[in-house]
Amino acid sequence: MKFKALLLVCLCVSNFVFGQKIDKMQWFNEPSSWEVKNDNLTMQVTPQSDYWRVTHYGFTVDDGPFYYTTRGGEFEVTVKITGKYQTRFDQMGLMLRIDEQHWIKTGIEYVDGVYNFSTVTTDVHSSWSVVELDKKPESLWIKAIRRKDAVEIFYSFDGKKYKMSNLAYLADKKPVMVGMMAASPDGDGFEALFEEFSVKHLPDVRRLEWLKENQD
């Protein structure tokens, strides 16, 4: 019983122990110009790059720069983003990706002079949702929480008070590539700055439920 109680405590506090060093991460579609300095990532976004699958437009593209680490299980990821958006559909934010047919990207997307908090959920085909922002934020914070087969997505203007925008499906029991993504589908690219990137391990919900039921 004491061992089970100790295991439960260790699982509950583990999210305070593990961080993410961004200089140890990997590129998918590495851009021509980028730098990691003081745990921040700056990139010049690749021109005419994007992530999209089939829906409405009829094409599939999978070539935006994505700087990621791989995580199994459940986690919370946060990042602060600042972009010098220039052209329609310029975008930057977080991406969670199982493979080319199953992924989520979320962040700011600049569309026809309007700044949106945008989320694309892809399960073979892409679905797009937007929350129009009343002005261009100097920076934006994004948080995504993966639990079981769902991802909760939030955004914040100050890094403290978050608003939920989406609850999206993403298959569980599969490793996920998680990290920082940007794209410039119609443009010549732009400068994107990512700060305060963090991935925190969360104890598995099913495991915690089992422990509670098996204390004796």
Can you tell me which condition residue 206 does not meet? The list is (1) closer than 30 Å to residue 59 by Cβ; (2) of a type in the set (Lys, Arg); (3) not in a strand (DSSP E or B), and all the others hold.
(1)
Tell me which of these residue 122 doesn't satisfy, since it passes every other one: (1) surrounded by fewer than 23 Cβ atoms within 10 Å (Cβ to Cβ); (2) over 22 Å from residue 41 (Cα atoms).
(1)
Complete set of residues in the range 51-65 that are in a loop (DSSP other than H, G, I, E, B) and on the phi < 0 side of the Ramachandran plot:
55, 57, 59, 63, 64, 65
Restricting attention to the range 59-87, the residues that are within 14 Å of the chain's Cα centre (by Cα) and of a type in the set (Asp, Glu) number exactly 2
When residues of the range 187-213 are limited to those that are within 22 Å of the chain's Cα centre (by Cα) and of a type in the set (D, E, K, R), the one nearest to residue 75 (Cα to Cα):
200
Anything in the range 151-186 that is without any contact (Cβ under 8 Å) to a residue 24 or more places away in the chain and surrounded by 14 or more Cβ atoms within 10 Å (Cβ to Cβ)? List them, or say none.
152, 154, 156, 157, 162
The number of residues in the range 26-50 that are in contact (Cβ under 8 Å) with a residue 24 or more places away in the chain and in a strand (DSSP E or B) is 10
Evaluate the range 124-136: report whether one residue or more is closer than 16 Å to residue 185 by Cβ and of a type outside the set (Gly, Ala, Ser).
yes
Could you check the range 123-175 and list, in sequence order, the residues that are touching a Gly at 6+ places or on another chain (Cβ under 8 Å) and β-branched (Val, Ile, Thr)?
142
Among the numbered criteria (1) out of contact with any Lys or Arg (no Cβ under 6 Å at 6 or more places or on another chain); (2) in contact (Cβ under 8 Å) with a residue 60 or more places away in the chain; (3) buried (at least 16 other Cβ atoms within 10 Å of the Cβ), which one does residue 137 miss?
(2)
List the residue pairs whose Cβ atoms are under 7 Å apart, where the first residue sits in the range 76-89 and is over 16 Å from residue 41 (Cα atoms), the second is of a type in the set (Gly, Ala, Ser), and the two are 6 or more positions apart or on different chains.
86/187; 87/184; 87/187
Being in contact with a Ser or Thr (Cβ under 8 Å, 6 or more places away or on another chain) and more than 13 Å from residue 181 (Cα to Cα) is the filter here, so list the residues in the range 26-35 that pass it.
32, 35
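FYI, it's all coordinate maths here, none of it is from the lab. Predicted model, so just to flag it, every value in this text is computed and none were measured. Neighbour counts are summed over all protein chains in view; Cβ atoms, including those assigned to glycine, are modelled from backbone coordinates with ideal geometry.
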